[in-house]
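Structure record follows, encoded as C-alpha cells.
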Amino acid sequence: AIGLTEPNPNLIWSAAARPQAPPGFGAMRERLAALHPDYLRVVVDWAKLQPTPGRPASLTATEDGCERGAGPCAAYAGLRDLFAAIASHPGLVPVVVVYGAPAWAARAPAGCERPGTLPRSRALTPAGLAAYRSLIRGLLALGRASGLELPWWSPWNEPNHPYFISPQRARCDARAPALSPALYAGLTRAMRAELAADPRPHRLVLGDLAGFTRPSPVAVGVAEFLAALPADVVCSAGAWAVHYGLARVARRAQATVTQLERALARRRCTAAVPVWVTEAGAPTPPPGTPGAADDAIASCRELAAALAHWNADPRVDAVFQYTFRQDPLFALGLADTGLTRTFPAYAVWHAWGARAPDGPPPAGGGSCR
C-alpha cells in the first residue's frame, strides 16, 4: 500500500464533492488523486491548536492554505475540512498522528537538551497528559461528525528525536539511559485507553521513529528505543512505523527498516507485526542550485530503489510519501511549493499507485522523469 502526508484539504477534496478547486489548486489536486493513495497521514500539531489551557483544542480554526506563507492560498476550516475532504474519497484511510506539546502542558527544562529547545518539544506534565486525552476525545468526536472512520492512530511523532520529546537522556552521553521510551509509553497508554472507550474499532501504529540507527547524546536509536519499551506497549501495536533517513542514500533507508525488523523479532509479540515507512521521499534541490536537475533525478532513483527493496520485504506493508506539496523546510515534496510542476519522483509514486491490487511492481521500479 502507499500513503501520503498532505495537510491541505484544497488538494484532497474529490472532484465529485468539490467540482471547482480554488485558483491555483485544480491541476495539482488532479495529480494527487491520480496517485490513488491508500492512506492519508493526518498530522495534528497540538501546540498550534491549543495555545491556552482554558479552551479546548481548536479543530476548526481557519488556516490560510498557504505553504509557510507562500501561495497559492485558499482558506479552510482546519481539521474539520481535512476530515471532510478525506471522507469524500471512499476507501482513503486516515492515519492520525499527534505531536507538539503546548507550552502550558510541557515540563520544565531538564536533562540533556539541545540549545534553543522550545516547550513544544518537551515531555508532558500530568495535567498535560490529561489534556492529551481530551484532545483524542475531540478528534474522535470530529471524526463522527464528519462521517469519517479513524481506524489508525499514532500516539506521538518521532518520539526518539529531541525536537519531539526532550530530553531524550538525563545526561549528554550516548551511554546514558534513555528517558523517551518511558515517556512514550505514557502517551501510548493514554491514547489506548481513550480509543478503547470509543465504540468504533481502532488500531495503533507505534513508533513513527526517526531513522536513527545509532544512539547519540540527544537522540535514541531505533533498536535502543524499542528494547526499552514495556511489554504492554510493544504488544499493543497493529503496525510499527519508522521514517526514511532524509539523506539521498537508499542503503541508509534500508538499514533503518532492517534495524526495526530485527528489534521486533526479539520480542515474541511483535515478531510478525507489519512494518510501515511513514515518511519517505526524494530530496529536491532548490531552484537554481547548480546541478539541481541531475540531483533530482539521482535522488528519485534512490527512492525508486528503496521502494523496490521494501516491496520485496514481506514485513513492509505500506510506504508513505512525505509530502505532496513541497515544504520549504523539508524539500521532499512531489510538487513545488507554488503548485506549478511536479518533480521526477512523482512519476515513481504514480507508477506504484497505478498497479492493480496485489499486482506486480512497476517495471524498473518506476521511471524518474
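The values are calculated or read from the model by the stated rules, or taken from the named source; none is laboratory data. Keep in mind that what you see is a predicted model, and the values were worked out from it rather than measured. With ideal geometry, Cβ positions are generated from the backbone for all residues, glycine too; neighbour counts draw on all protein chains shown. Surface areas here come from the heavy atoms of the whole protein model, side chains and all, with no ligands, DNA or RNA. Shrake-Rupley method; radii C 1.70, N 1.55, O 1.52, S 1.80 Å.
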Give me the accessible area per residue for the stretch 266-309, probe 1.4 Å, as a whole number in Å². 47 Å²
Specify the inter-centroid distance of the stretch 171-237 and the stretch 52-93, based on alpha-carbon positions, in whole Å. 28 Å
Under Karplus coefficients 6.51, -1.76 and 1.60, residue-wise ³J(HN,Hα) of the stretch 93-106 in Hz, glycine/proline x: 9, x, 10, 8, 9, 9, 7, x, 7, x, 4, 6, 9, 9
So, by mean Cβ neighbours within 10 angstrom, what's the order for 318-326, 81-89, 48-56 with the highest one leading? 318-326, 81-89, 48-56
What is the percent carbon and sulfur in the accessible area of the stretch 197-312, measuring with a 1.4 Å probe over the protein chains and ignoring ligands? 56 percent
By the mean-Cβ-within-10 Å protection proxy, highest first, 13-21, 34-42 rank as 34-42, 13-21
Cα-based shape type of the chain, given that a ≥ b ≥ c are square roots of the gyration tensor eigenvalues and the cut on a/c is 1.5: rounded
Per-peptide average of other Cβ atoms within 10 Å, ordering 272-280, 72-80 highest first: 272-280, 72-80
If you roll a 1.4 Å probe over the stretch 81-126 with all protein chains in place, what percent of the accessible area is carbon or sulfur? 61 percent
Explain nothing, just compute: Karplus ³J(HN,Hα) = 6.51 cos²θ - 1.76 cosθ + 1.60, θ = phi - 60°, for every residue of the stretch 293-304 in order, whole Hz, x for Gly and Pro. 5, 5, 5, 5, 5, 5, 5, 4, 5, 5, 5, 4
Indicate, rounded to the nearest 5 percent, the antiparallel portion of the DSSP beta bridges found entirely in the chain. 20 percent
